[in-house]
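Take a look at the structure below.
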Amino acid sequence: MSEILDFKIDFLKYRKLTIVISALFLSAGFAAYFINGGFKYSVDFTGGMEVLFRFEKDFSRDKLRKGLQEDGWEDVILRDFSKEEVLVRVHNPEEKDDQQDLRHVAEKMQSSIVAEIKDNPVEIMEINSVGKGVGQELWKSSLYAMILALMLMLLYITIRFKFSFSMGAVVALMHDTMAILSLFLIFNREISPYVISAVLATLGYSINDTIVIFTCVRENIKKLKGTPLSEVVNISINHMLRRTLLTSLSTALVVGSLFIFGGETLRNLSLALLIGIIFGTYSSIYIASPVMMSIYKGGPK
């Protein structure tokens, strides 16, 4: 029993401060939403066009992007097919209407590329249009997926634990989701299907960490009857601290490497995952546990 009570860090001592910090951070994201005029969506959601180019030899992706951006093609997304082939996605140009020939637009892009990347002939292999209606449907499906994931997790934790535990977990998950979206708003980064996938992956990662801590809390509540709940939670977090830190750090190292060396195509995905890992660990301790404690009615607090 003395070993169980021997905890080192009083995490909950700072719970009021961390709640204020979270509130300020999410408020900054809320303000950025109005300053930036809402989210910045990728071509997949807003509609646009994609062109597959083939070069005669390997080329610089940075120069390709620079050539297009200098001629007014904003938010260029590149996807490598090989050393010589790349798929370029751009938003619909402002002057483009539904009747405009996509081939003509692709040729304008080709001219911009040739002006920047010389002595490396490039040809247009394929042209596709990404409809705005399809993008809106994809956004709705992504939103439904996130809502459904939250509801199923709430149901699962309610069945496995008490309602107070499930509310703590779901509030933490909502916090993680809003934290990722807030940072993308603050830095005006693009929301793409990759980012939505990263958010869903983060929800699974975060809930796993929260469930591990809550399982330890539930066991210690039985072992330490009569002990204040705040002390039981602190003990449980300390018991799981090594496991939490090792898991988070090892995962963050991999995702960090992906962010640095993965190229522009994977940058938003790896950034969302990295933010999710950090906030997922933080929320398991400073969001899920305090919310659970404020609702819990099974003993002294």
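The table for this structure:
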quantity	calculated
Test: residue in region 191-199 that is in contact with a strand residue (DSSP E or B) (Cβ under 6 Å, 6 or more places away or on another chain) and either farther than 28 Å from residue 14 by Cα or among the aliphatic types (A, V, I, L, M) (or both)	yes
Residues satisfying the stated conditions in region 155-171, i.e. of a type outside the set (A, V, I, L, M) and surrounded by 21 or more Cβ atoms within 10 Å (Cβ to Cβ)	165, 166, 168
Where a residue in region 59-84 is closer than 16 Å to residue 267 by Cβ and its partner, wherever it lies, is in a loop (DSSP other than H, G, I, E, B), with Cβ under 6 Å and at least six apart	65/76
Helices (runs of 4 or more DSSP H) fully within region 194-298 counting 1 or more residues that are of a type in the set (Gly, Ala, Ser), in contact with an Asp or Glu (Cβ under 7 Å, 6 or more places away or on another chain) and within 20 Å of residue 173 (Cα to Cα)	267-286
Residue that is surrounded by the fewest Cβ atoms within 10 Å (Cβ to Cβ) [pool: residues in region 173-203 that are of a type in the set (Phe, Trp, Tyr) and farther than 17 Å from residue 141 by Cα]	187
Of all residues making up region 104-140, the number that are modelled with pLDDT of 80 or more and assigned to a helix (DSSP H, G or I)	13
Members of region 251-269 found to be closer than 15 Å to residue 77 by Cβ and touching a residue at least 24 places away in the same chain (Cβ under 8 Å), listed by number	263, 264, 265, 266, 268, 269
Meets criteria (more than 23 Å from residue 296 (Cα to Cα), among the aromatic types (Phe, Trp, Tyr), at pLDDT 85 or above and surrounded by fewer than 18 Cβ atoms within 10 Å (Cβ to Cβ)) for residue 261	no
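The values are calculated or read from the model by the stated rules, or taken from the named source; none is laboratory data. All values reported here derive from a predicted model rather than from experimental measurement. Please note: Cβ atoms are built from the backbone with ideal geometry, for glycine as well, and neighbour counts cover all protein chains shown.
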